[in-house]
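Read-outs: derived from the displayed coordinates by stated rules, not from any lab. Keep in mind that what you see is a predicted model, and the values were worked out from it rather than measured. Ideal geometry is used to build each Cβ from the backbone, glycine not excepted, and the neighbour counts take in all protein chains shown.
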Amino acid sequence: MLSMFPASGVDELVATGGPADREVDVAPRFKPGDMIRARNIHSPTHTRLPRYVRGRVGEVIEACGGYVYPDTNALQQGENPQHMYNVRFTAKELWGPDADPGFVIIISLWEDYIEPAN
């Protein structure tokens, strides 16, 4: 059984916040310019991987450093810090040939969410 964060601590947590950036012991797998595919995973619990990018190809535009991985942290399975990347997806890639050709979306994705596009 999961223990829940006590309601009495919410006000203090929101007021004080806290950084989520962390050191990661391994080098980043991706660099700006790399083409990636968002993994097509279907987590039965918490994930920050938007369904509309799953299986889609995008370009890494920035390596952001290490951050707490929310999928494990939300389940109290540890912070599991990993590299996060800003990835650009074209509207055509996400929504098909009728999408505005000039529209892009940039999403921050953790390393466990992506794989090489090839």
With a bin width of 5 angstrom, please list the P(r) values of the chain as percents of all Cα-Cα pairs, from the 0 bin to the one holding the largest distance. 2, 11, 18, 19, 18, 13, 9, 7, 3, 1, 0
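Say a site is exposed when it is one of the trypsin sites (Lys or Arg not before Pro), sits in a DSSP loop, and has at most 15 other Cβ atoms within 10 Å; what is then the longest site-free stretch of the chain?
So the longest stretch without any such site is 55-118.
Please report the net charge: other residues with Cβ closer than 13 Å to the Cβ of Arg88, K and R +1, D and E -1.
Around Arg88, the charge tally is -2.
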For region 39-45, in residue order, the Karplus 3J(HN,Hα) values (coefficients 6.51, -1.76, 1.60; θ = phi - 60°; whole Hz; Gly and Pro = x) are 5, 9, 9, 10, 5, x, 10
If every Lys and Arg gets +1 and every Asp and Glu gets -1 at its Cβ, then about the Cα centre region 29-116 yields a dipole, in debye to the nearest 20, of 140 debye
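Among Leu49, Leu94, Leu13, Leu109, which comes first, second and so on when ranked by fewest other beta-carbon atoms within 10 Å?
Listing Leu49, Leu94, Leu13, Leu109 from fewest to most nearby Cβ atoms yields Leu13, Leu94, Leu49, Leu109.
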Lys and Arg at +1, Asp and Glu at -1: add these up for the other residues within a Cβ distance under 9 Å of Pro32 and post the number. -2
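Counting other Cβ atoms within 10 Å, keep those with at most 16, restrict to DSSP loop, and tell me which chymotrypsin sites (Phe, Trp or Tyr not before Pro) in region 2-110 are left.
Loop-located and lightly packed - Phe103.
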Take the Cβ-Cβ distance between Ala74 and Asp100 as r, set R0 to 35 Å, and report the resulting FRET efficiency rounded to the nearest 0.05. 0.55
Which whole-percent values make up P(r) of region 1-57 when all C-alpha to C-alpha distances are grouped in 5 Å steps starting at zero? 4, 11, 11, 13, 20, 17, 13, 9, 3, 0
Please give the residues of region 35-78, grouped as numeric ranges, whose backbone N is less than 12 Å from a label point set 7 Å along the Cα-to-Cβ vector of Ala91. none
